[in-house]
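We did not get these values from a lab; they are worked out from the coordinates using the rules stated. No experiment lies behind these values; they were computed from the predicted model shown. Glycine also receives a Cβ, built like all others from the backbone with ideal geometry; neighbour counts cover every protein chain displayed.
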Amino acid sequence: MLKVNADPFTFTFDPSSTALVVIDMQRDFIEPGGFGETLGNDVSHMQRAIAPTRDLLKLFRQKGWPVFHTRECHAADLSDCPPAKRDRGNPLMRIGDDGPMGRILVRGEPGAEIVAECAPLAGEIVIDKPGKGAFYATSLGEDLERLKIRSLVFAGVTTEVCVQTTMREANDRGYECLLIEEATESYFPEFKAATLDMIRAQGGIVGWTAPLKSFAVALNPQDDIR
Ligand code: C5J
């Protein structure tokens, strides 16, 4: 068992049953011209999560532990996008519209791809999801059961929407969940801070959070990741 210095207390995990889940590190959320910006958000906040997520991926890859990536995206005919999602609010462009990175949040379009720094490697599982939670209408649950995973380490965007929703889904399914603090971001710094607090409140009601360094030290006590 490995131990991570985490909040609200030590996160203990068995490396043979632990996977990394990187949520929605997609150009549509992170780069100008994508879905995030069409909703009126300042996407520059997202940039901060890229390097820590890349470093976290490196740690898992060095160990050969399972890595999952998720992408929030829809079929080209939008048959998996409920009108309640597409029609909500007053964005500059809607899901499926033509934008600078192709059709907004549509599978296979450049904007729906994961940013180059965090791109999946061969053998890593990519889950395309129509909702905010990664368990809804996907194979994630079955994939985790097949690999006999019990603990999940999380990264990605946005903290309070798809990351938190998926952590809550995972927590309800009995997984021990750790969120790496620098490897997640929100368009709203105060929402990120509140979400980290919510996750670890009440004795870790949703899970744990820890700085990347604490996780890295637990894996490789001698190493100093850059
Ligand atoms: C949002 C996400 N924020 N990946 N999606 O709509 O958090």
| query | Among Lys148, Lys3, Lys85, which comes first, then next, by fewest other beta-carbon atoms within 10 Å? | reply | Lys148, Lys3, Lys85
| message | At a 10 Å Cβ-Cβ cut-off, how would you order Asp80, Asp14, fewest neighbours first? | response | Asp14, Asp80
| query | What ranking do Glu72, Glu145 get, fewest neighbouring Cβ atoms within 10 angstrom at the top? | reply | Glu145, Glu72
| task | Return the long-range amide H neighbours of Leu178 (sequence gap of 5 or more, or a different chain), with a cut-off of under 5 Å between placed amide H atoms. | result | Leu152, Val153, Phe154, Trp208
| Gyration tensor (Cα) of region 61-202, equivalent ellipsoid semi-axes in angstrom | 25, 19, 15
| note | HN-Hα couplings for region 171-187 via Karplus (6.51, -1.76, 1.60; θ = phi - 60°), in whole Hz with x for Gly/Pro, come out as 4, 5, 8, x, 7, 8, 10, 10, 9, 8, 4, 7, 8, 9, 8, 10, 6
| Taking one equal scatterer on every alpha-carbon of region 1-146, how large is log10 of I(q)/I(0) by Debye at q = 0.18, 0.22 1/Å? | -1.10, -1.40
| Over its Cα atoms, what ratio of radius of gyration to 2.2 N^0.38 Å does region 98-142 give? | 1.29
| message | Could you compute how fast region 163-215 diffuses translationally, taking Rh as the Kirkwood radius over C-alpha pairs and applying Stokes-Einstein at 4 °C with viscosity 1.567 mPa s? Give it in µm² per second. | response | 115
| request: Using Cα positions and a limit of under 14 Å, work out the aspartates and glutamates in reach of Lys148, with same-chain residues fewer than 8 apart set aside. | output: Asp14, Glu176
| field | Note, ³J(HN,Hα) from phi for region 73-81, Karplus 6.51, -1.76, 1.60, rounded to Hz, x at Gly and Pro | value | 6, 10, 4, 4, 8, 6, 5, 9, 10
| note | Unit-weight point scatterers at every alpha-carbon of region 10-88, Debye formula, q = 0.12, 0.18 1/Å: log10 I(q)/I(0) is -0.51, -0.90
| query | Per the helix-only calculation at 222 nm, which mean residue ellipticity applies to the chain, given -39500 (n - 2.57) for every DSSP H run of n ≥ 4 and division by its residues, nearest 500 deg cm²/dmol? | reply | -8000 deg cm²/dmol
| said: Give me the extension gain from Asn5 to Ala51: residue separation times 0.36 nm, minus the current Cα-Cα distance, reported in nm with one decimal. | reply: 14.4 nm
| query | DSSP beta bridges in region 1-158, what fraction antiparallel, as a percent rounded to 5? | reply | 25
| message | Between region 94-118 and region 1-58, how far is it from one alpha carbon centroid to the other, in angstrom? | response | 19
